[in-house]
Amino acid sequence: MKILNSTALVTGANRGIGRELVVALLKSGAKRVYAGARDVKTLETIKQLDPARVIPLLLDVTNQELIDTSVKVAPDVNLLFNNAGILEFGGILEVPADKIVRQFGTNFHGKLNMARAFAPIIEANGGGAIVNVLTLVALASMPGLSAYNASKAAAWSMTQSLRAALSAKGIAVFGVFPGAVDTDMLAGVDMPKTSPAVIAAAIMQGIESGLEDIFPDPMSTQLYAAWKLDHKAVEKQFATM
Ligand SMILES: NC(=O)c1ccc[n+]([C@@H]2O[C@H](COP(=O)([O-])OP(=O)(O)OC[C@H]3O[C@@H](n4cnc5c(N)ncnc54)[C@H](OP(=O)(O)O)[C@@H]3O)[C@@H](O)[C@H]2O)c1
């Protein structure tokens with residue numbers, strides 16, 4: 001899939017990895033980028049990056065009405081970035097039920113509902129790609145992020161189902177598995193993190209080279225290699241973190 005002249009839509013584009021995806025898409029020659037956010041006022045500086053190519057879009061991925069509207073507003077999309085996500089800390093026996101529902105609502109159902117809405121659009125536009133931003137902890141659970149891990153592991157499984165369902169329609173489906181990234185999401189956690197600009201650049205490179213599973217930083221690359229060798233060892237390592 002070529003980024004040059006593509007028309008992209010990025011969810012959660014107002015900050016963090018989403019914002020850097022917009023920057024990287026512009027740099028790679030995308031024709032137009034719909035930048036989705038729950039509050040369009042937060043997109044003003046992103047719009048200024050390239051007012052002719054960046055189109056702000058009101059989009060909460062948990063709101064089906066707004067998803068349906070976005071399909072009408074952005075009928076030329078051929079590259080969807082399912083980036084929006086939330087993380088709420090808590091162990092599996094303590095995390096409140098409403099937090100579990102909220103994380104699955106955004107991280108699983110939000111991505112799935114966007115994919116269902118845009119797959120026919122992308123197909124009608126001659127094919128393209130859907131990129132699901134998952135996480136390294138979809139592979140093995142970090143117990144302090146229990147509901148987040150679970151919602152992203154479910155989204156990984158959904159990514160594989162989408163891939164099988166959409167390959168004959170000319171739509172590639174990518175999964176992205178970042179390690180720790182330096183955004184608001186992990187602001188309170190003191191550990192080595194990769195910049196979101198590096199993550200976004202690696203995602204562009206992965207898409208261009210047709211890499212279905214993208215490990216976009218040193219932490220994710222190393223741990224994926226370890227997981228392939230001995231996934232139980234990685235599970236045990238994460239269990240102590
Ligand atoms: N940071 C990390 O270490 C890390 C590692 C692996 C994977 N990821 C994944 O990368 C993606 C981006 O995360 P980030 O690090 O950039 O986090 P972030 O800085 O917290 O940004 C999250 C983005 O998602 C948006 N969002 C949340 N709920 C939404 C909803 N219902 N509808 C639309 N937008 C919504 C937020 O919008 P508002 O401004 O309106 O809240 C924000 O733009 C997420 O899927 C996350 O799980 C992050």
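The values are calculated or read from the model by the stated rules, or taken from the named source; none is laboratory data. These figures come from a predicted structure and were not determined experimentally. Neighbour counts run over all protein chains shown; Cβ positions are idealised from the backbone, glycine included. Areas reflect the complete protein model, heavy atoms only, side chains present, ligands, DNA and RNA absent. Shrake-Rupley method; radii C 1.70, N 1.55, O 1.52, S 1.80 Å.
Which order do 102, 15 take by accessible area at a 1.4 Å probe, largest first?
Details: 102 105, 15 125 Å².
Ranked list, largest accessible area first: 15, 102.
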Order of 7-13, 33-39 by packing, highest average Cβ count within 10 Å first? 7-13, 33-39
Lys/Arg +1, Asp/Glu -1 at C-beta; region 7-239 dipole; positive extreme among 12, 238, 161: 161
Report residue 209's accessible area, 1.4 Å probe, all protein chains in place, as a number in Å² to the nearest 10. 80
3J(HN,Hα) from dihedral phi, region 166-171, Karplus parametrisation 6.51/-1.76/1.60, rounded to Hz, x for glycine, proline: 10, 4, 6, 9, x, 10
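How high is the relative contact order of the chain, in percent, counting Cα pairs under 8 Å that sit 6 or more residues apart? Walk me through the numbers before you get to the answer.
Working: 471 pairs, mean separation 45.8, N = 241.
Worked out over the chain, it gives 19 percent.
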Using a 1.4 Å probe, what is the accessible area per residue for the chain, in Å²? 46
Pseudo-spin-label distance residue 232 to residue 186, built 7 Å along Cα→Cβ, given in nm, is 2.8
Report in % the part of the accessible area of the chain that belongs to carbon and sulfur, leaving out ligands and nucleic acids; probe 1.4 Å. 57
Nearest-10 value in Å² for the accessible area of residue 41, using the 1.4 Å probe: 140
Which part of region 46-80 falls in the paramagnetic zone of residue 88, meaning amide N under 20 Å from the point 7 Å along Cα-to-beta-carbon? 60-64
Roughly how many whole Å is it from the C-alpha centroid of region 14-72 to that of region 171-234? 22
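As a test of the formula, what do you get for the chain when each DSSP H run with n ≥ 4 contributes -39,500 (n - 2.57) and the sum is divided by the residue count, at 222 nm and rounded to the nearest 500 deg cm²/dmol? Don't skip to the end; give the middle numbers.
On the way: 9 runs with 105 residues, N = 241.
So the helix-based figure for the chain works out to -13500 deg cm²/dmol.
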Highest mean first, how do 212-219, 186-193 rank when packing is the count of other Cβ atoms within 10 Å averaged over residues? 212-219, 186-193
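With all protein chains present and a 1.4 Å probe, how do 135, 62, 42 order by accessible area, largest first?
Values: 135 15, 62 80, 42 60 Å².
So, going from the largest accessible area down, we get 62, 42, 135.
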